[in-house]
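Below is one structure, written out as structure tokens; the observations come after it.
FYI, it's all coordinate maths here, none of it is from the lab. Keep in mind the model is a prediction, meaning the values are calculated, not measured. For neighbour counting, all protein chains shown are included, and Cβ atoms are generated from backbone atoms with ideal geometry for every residue, glycine included.
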Amino acid sequence: MTNNNTIIPTGLKTWFVIHFVADMFFAIPLIFFPEVIMPWFGWGAIDPVMPRLVGAALLGIGGESLFSRNASRDAFKSLLRLKIIWASGAILALGLGIVKGAPPAAWGFLAIFIGFLGIWVFYRIKLTDPV
């Protein structure tokens, strides 16, 4: 049985900080300036509530990434599960949007979420308890 105080890989802590920065990079403009930001990515007529809601989700997940970067092993495992679910859901949503004609920028966001999903799955496996 593995001790809950097992050292968390430094790379994982670094990725949590990078995730915070990436999320804030998108969250703040989406919350405060959706009508300005969304056309930059090819979305024309938008309901500003939806980008703000995405920004709020990014704010919460990214903020928790920063606040939890020195958490326990169990907290990291739980947060990685959350990040895996979030990235998987985003991949599904973006894929469905692309099929329905989303702007080309959706492919870039899809690539970002696929990259993060790979990172989160890698570290979640790495933190799996040995049998």
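For the chain, relative contact order (Cα pairs under 8 Å, six or more residues apart, normalised by length) works out to 30 percent. Calculated [222 nm] ellipticity per residue, helices only, for the chain: -25500 deg cm²/dmol; basis is -39500 (n - 2.57) per DSSP H run with n ≥ 4, divided by all residues, nearest 500.
Couplings for segment 13-27, taken from phi via the Karplus curve 6.51 cos²θ - 1.76 cosθ + 1.60 with θ = phi - 60°, read 4, 4, 5, 5, 5, 4, 4, 4, 4, 4, 5, 5, 4, 8, 4 Hz in order; Gly and Pro are left as x. Every Cα-Cα pair of segment 78-131 was included, and the share exceeding 13 Å stands at 59 percent.
When you work out D = kT/(6 pi eta Rh) for segment 10-126 at 25 °C and 0.890 mPa s, using the Kirkwood radius from C-alpha pairs as Rh and the Stokes-Einstein form, the result is 166 µm²/s.
Projecting the Cα atoms of G108, I7, F76 onto the charge dipole of the chain (Cβ charges, centred on the Cα centre) puts I7 farthest toward the positive pole. Applied to segment 61-67, the Karplus parametrisation 6.51 cos²θ - 1.76 cosθ + 1.60 on θ = phi - 60° returns per-residue 3J(HN,Hα) values of 5, x, x, 5, 4, 5, 5 Hz, with x for Gly and Pro. Between the residues L53, F26, P130, the greatest Cα displacement towards the positive end of the dipole of the chain, with unit charges on the Cβ of Lys, Arg, Asp and Glu, is found for P130. Taking Cα atoms, how many degrees apart are the long axis of helix 105-126 and the longest axis of the chain, rounded to 10 and kept between 0 and 90? Once rounded, the angle reads 10 degrees. Against the main long axis of the alpha-carbon atoms of the chain, helix 73-99 sits at an angle near 30°.
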